[in-house]
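What follows is a single structure, written as C-alpha cells, with notes after it.
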Amino acid sequence: DDRYTPTTASPDAMHRWIRRPLAAAALGGVTLHQYDTWVGDRVVNRNLRAVWAAIQTTYDYKFCINAEDPTSLTRVHERVAKRWFDVCATNGGLYIKLGQSCQQLNHVLPQEYTTLFSQMFDSAPPVPNEDILRVFRQDFGGKSPEEIFAKFDPDPIASASIAQVHKAVTKDGQRVAVKIQKPYIERQIPWDLGCYRFLVFALEKIFDLPMYWTVDSVCDSIRQEADFRVEANNARKASEGLPEGSSAYVPTILPDLTTKRVLTMEWVDGVRITDRKGLEKMGFSVANVMDLVVRTFSEQIFLTGFIHADPHPGNVLVRPKPKSPSEPEIVLLDHGLYVEASEEFRINYCNLWKSMVLMDGQGVADVCRSWGVADSEFFASMQLLKPYRPGKKAVHVANTTIDDILKMQMGLKERVKKLLYDTKLTPRELILLGRNMNIVRSCNKAMGSPVNRVAIMAYYANRGTYHTNPRLRPRQISNATQHVSGLIPWKQAYTEVVFRAQLFFISCIYYSTRVWQRLNALLGREAQGFEDMLEEGIAQTIEAKLGFKIKLDENGNAFG
C-alpha cells in the first residue's frame with residue numbers, strides 16, 4: 001500500500017521542540033536584562049517591577065479583603081505600602097518623587113502608607129565623576145567645567161534623585177552653585193511616564209475610580225522639572241513677582257551658564273527655616289521667620305497666582321537681609337516645580353477662602369460646583385487643612401470601632417466618585433497647590449505653630465478678591481477687575497466687617513492655644529499647638545467621611 005501513513009513524533013523530538021523555544025526565550029530574557037542593567041539605564045527592569053507591583057496590588061485589594069475580618073484591610077494596606085515603598089526605593093530617579101508625593105497625600109491616605117513613606121527622602125548617592133562630566137561636556141559643546149569656570153569642585157555638596165550640586169567660581173569671581181542632571185534621567189523619563197500613564201489608566205478601569213484626570217498635569221510637571229531652562233525661567237518670573245521691599249529673595253540665575261541639564265545660580269549662604277538653633281544664632285525669632293514664610297507663599301497663591309510647588313525646608317533658607325542685617329530674609333531655591341494659575345482660578349480660589357471664613361456655605365458650594373466637586377464641606381476642609389462645618393456641630397469619631405471603619409472603607413469608592421463627579425471641570429492647579437499648602441503647614445507645626453497660618457492666608461485671600469494681579473497685561477487687568485466694580489459699596493463694607501470679625505475670632509482661638517502651651521511649658525507638661533488641634537480635627541473629618549483612621553505620632557509623621 002503506497003498511501004501516506006502519518007507518524008507520531010517521538011517523545012525526544014517533542015521535548016526538543018519545547019526546550020528550544022524555552023531556551024531561546026530564557027537566553028533572550030537574560031540578554032535583555034543584562035543589556036538593560038549595564039547599557040539601557042534599567043528602563044525595562046524598573047517599569048516591569050512597577051507593573052508587577054500593580055498586578056499584585058490589584059489582586060490584594062480585589063480578593064484579599066474580608067468583610068467579616070476587620071483586620072484584613074489593615075494587613076492589605078501594610079503589605080501594599082511596603083511593596084510600593086520598595087519599588088520606589090529600588091527604582092530611584094523619578095520613582096523617589098512618586099514616593100514623596102505619597103507624603104503630600106498624607107491627609108487622605110491610610111496611616112500604613114503615610115508612616116512608611118515619611119521615611120522616603122529625596123537623596124541618592126552621587127554618580128561617578130566621569131558620568132557627570134560627560135553630561136556637562138555634552139551640554140557645553142565639549143568643554144569641561146574647568147574650561148568654563150575659574151574653580152569647580154568635582155565633589156558634590158548635595159545629591160538628589162535627578163541631579164547633584166557642585167560649588168564653583170565664575171571667571172569674574174562670583175561664587176555659584178552648579179546643578180547637573182544625572183545622565184540616565186533624560187532616557188528614563190519617557191519610559192517612566194509611559195508606564196505611569198498605563199498603570200493609572202489600568203487602575204482607574206479596574207477600580208472604577210476617577211484617577212486618570214491628574215495624569216497629564218503630573219507628567220507635564222515632571223518633564224518641566226527635568227528641564228533646567230524651565231527652572232531658570234520660573235526663577236526669573238518668581239523674582240519679578242516679589243513686591244518691592246520684599247523680605248524674600250530668589251537667587252540670580254546665570255543664563256549663559258545654564259542649559260537643559262546644567263543650571264548655574266548665585267551662591268547664597270543660609271540656614272533652613274526649620275533650623276531653630278541656626279535661626280537663634282542669627283538672632284531671629286522663629287515666629288518672625290515663619291510669618292515671612294506664610295506671607296510669602298500666601299502672596300503667591302492669592303495675589304500673583306505663580307506658586308512654588310515644592311517649598312520644603314531644604315528649598316527655603318534664611319539669611320540676614322543684606323541691607324538690614326538685623327532683619328531676616330527668606331531665600332527661595334529649586335524653582336523646577338511651579339503652579340501657574342489662571343486669573344479665573346486665582347479669583348475663584350480667593351472667593352472660596354473668603355466664603356469659608358465667612359461660613360458662607362452657599363458661596364463655597366457654588367465654587368465647588370463649578371469645579372465638579374460635590375462634597376463642598378469636605379473639599380473646604382482639605383483646602384483650609386482644618387475642619388469646615390458651617391452651621392453644624394463638630395464631628396466626633398474618637399469612639400469609632402474597627403468594624404465601623406471597615407464598613408466605611410468598603411464604601412469608599414462611591415464616596416470618592418461622589419466627591420469628584422465631573423473631573424473635566426476640576427482645575428488642574430489644585431493638584432500641586434495642595435502640596436505647597438501642606439508643606440507650609442507641616443513646617444509651621446514642626447516649629448510649634450508660632451504663627452496663625454489660617455488667619456494669615458485668609459487675610460491674603462480677602463485682599464486677592466480686589467487685588468490687581470501685577471503679572472497681568474493692561475487689557476487683562478480691565479477684564480479681571482470687572483468682578484469688583486459691580487459690587488454695591490455698602491454690601492462690600494458689611495462683608496468686610498463680618499470677615500474681619502471672623503478673623504478676630506480665629507485669632508482668639510489661636511492665641512488661647514498659645515497661652516495654654518506656655519502655661520503647660522511652665523508646669524513641665526506638653527500641650528497641643530494650634531496646628532496639632534487642626535490636624536486632629538482633619539483626622540476626625542477624614543475618618544467620618546472616608547473611613548481612613550489617621551493616627552498622628554509625636555512628630556506628626558502621618559501628616560508629613
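Some observations on this one:
- Test: residue in the stretch 32-41 that is modelled with pLDDT of 80 or more, surrounded by 10 or more Cβ atoms within 10 Å (Cβ to Cβ) and closer than 25 Å to residue 187 by Cα: no
- A search for C-beta distances below 8 Å between a residue of the stretch 276-293 that is over 11 Å from residue 451 (Cα atoms) and any residue that is exposed (fewer than 15 other Cβ atoms within 10 Å of the Cβ), counting only pairs 6+ apart in sequence or on different chains, returns 279/285; 283/326.
- Qualifying residues in the stretch 105-131 (those that are buried (at least 22 other Cβ atoms within 10 Å of the Cβ) and either within 14 Å of the chain's Cα centre (by Cα) or of a type in the set (A, V, I, L, M) (or both)) - the one modelled with the highest pLDDT: 117
- For the condition open to solvent by less than 20 Å² (accessible area, probe 1.4 Å), touching a Pro at 6+ places or on another chain (Cβ under 7 Å) and over 30 Å from residue 430 (Cβ atoms), residue 284 qualifies.
- Options 337, 332, 303: the member that is over 24 Å from residue 448 (Cα atoms), under 17 Å from the mean Cα position of the chain (by Cα) and hydrophobic (A, V, I, L, M, F, W, C): 337
- Sub-8 Å Cβ pairs linking a first residue in the stretch 251-271 that is closer than 19 Å to residue 162 by Cα and open to solvent by less than 40 Å² (accessible area, probe 1.4 Å) to a second residue that is of a type in the set (Phe, Trp, Tyr) and outside any strand (DSSP E or B), at least 6 apart or interchain, are 258/228; 259/140; 259/228; 261/228; 262/136; 262/140; 262/228; 263/228, ordered by first then second residue.
- All conditions but one from (1) open to solvent by 60 Å² or more (accessible area, probe 1.4 Å); (2) modelled with pLDDT of 90 or more; (3) not acidic (Asp, Glu) apply to residue 80; the one that does not is (1).
- Residue count, the stretch 258-307 (criterion: within 30 Å of residue 140 (Cα to Cα) and in contact with a helix residue (DSSP H, G or I) (Cβ under 7 Å, 6 or more places away or on another chain)): 7
- For the residues 344, 327, 377, the requirement of being within 30 Å of residue 279 (Cα to Cα) and either in contact with a Cys (Cβ under 7 Å, 6 or more places away or on another chain) or not in a loop (DSSP other than H, G, I, E, B) (or both) singles out 327.
So that you can scan it fast, the table gives a plain yes or no per residue for (1) of a type in the set (D, E, K, R); (2) touching a helix residue (DSSP H, G or I) at 6+ places or on another chain (Cβ under 9 Å); (3) without any contact (Cβ under 8 Å) to a residue 40 or more places away in the chain:
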position: 56; (1), (2), (3): no, yes, yes
position: 69; (1), (2), (3): yes, yes, yes
position: 83; (1), (2), (3): yes, yes, yes
position: 87; (1), (2), (3): no, yes, yes
position: 92; (1), (2), (3): no, yes, no
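- The stretch 113-153, subset among the β-branched types (Val, Ile, Thr) and out of contact with any helix residue (DSSP H, G or I) (no Cβ under 8 Å at 6 or more places or on another chain), residue farthest from residue 165 (Cα to Cα): 135
- Those residues of the stretch 159-197 which are without any contact (Cβ under 8 Å) to a residue 24 or more places away in the chain and either open to solvent by 50 Å² or more (accessible area, probe 1.4 Å) or of a type in the set (Phe, Trp, Tyr) (or both), in sequence order: 171, 172, 173, 190, 197
- Hits in the stretch 133-160 - residues which are under 15 Å from residue 228 (Cβ atoms), under 32 Å from the mean Cα position of the chain (by Cα) and assigned to a loop (DSSP other than H, G, I, E, B): 160
- Qualifying positions in the stretch 83-94 - modelled with pLDDT of 85 or more and touching an Asp or Glu at 6+ places or on another chain (Cβ under 9 Å): 83, 91
- Any chance residue 290 is outside any strand (DSSP E or B), at pLDDT 95 or above, surrounded by 23 or more Cβ atoms within 10 Å (Cβ to Cβ) and not basic (Lys, Arg): yes
- Per the listing 136, 207, the residue uniquely open to solvent by 20 Å² or more (accessible area, probe 1.4 Å) and of a type in the set (Phe, Trp, Tyr) is 207.
- Hey, residue 213 surrounded by 17 or more Cβ atoms within 10 Å (Cβ to Cβ) and more than 24 Å from residue 429 (Cα to Cα) or not: no
- A single member of 402, 456 is open to solvent by 40 Å² or more (accessible area, probe 1.4 Å) and either farther than 18 Å from residue 114 by Cβ or at pLDDT below 85 (or both), and it is 402.
The values are calculated or read from the model by the stated rules, or taken from the named source; none is laboratory data. As the structure is a computational prediction, the values presented were derived from the model and not from experiment. Every residue, glycine among them, receives a Cβ derived from its backbone with ideal geometry; neighbour counts consider all protein chains shown. All accessible areas refer to the heavy atoms of the entire protein, side chains included, with ligands and DNA or RNA removed. Shrake-Rupley method; radii C 1.70, N 1.55, O 1.52, S 1.80 Å.
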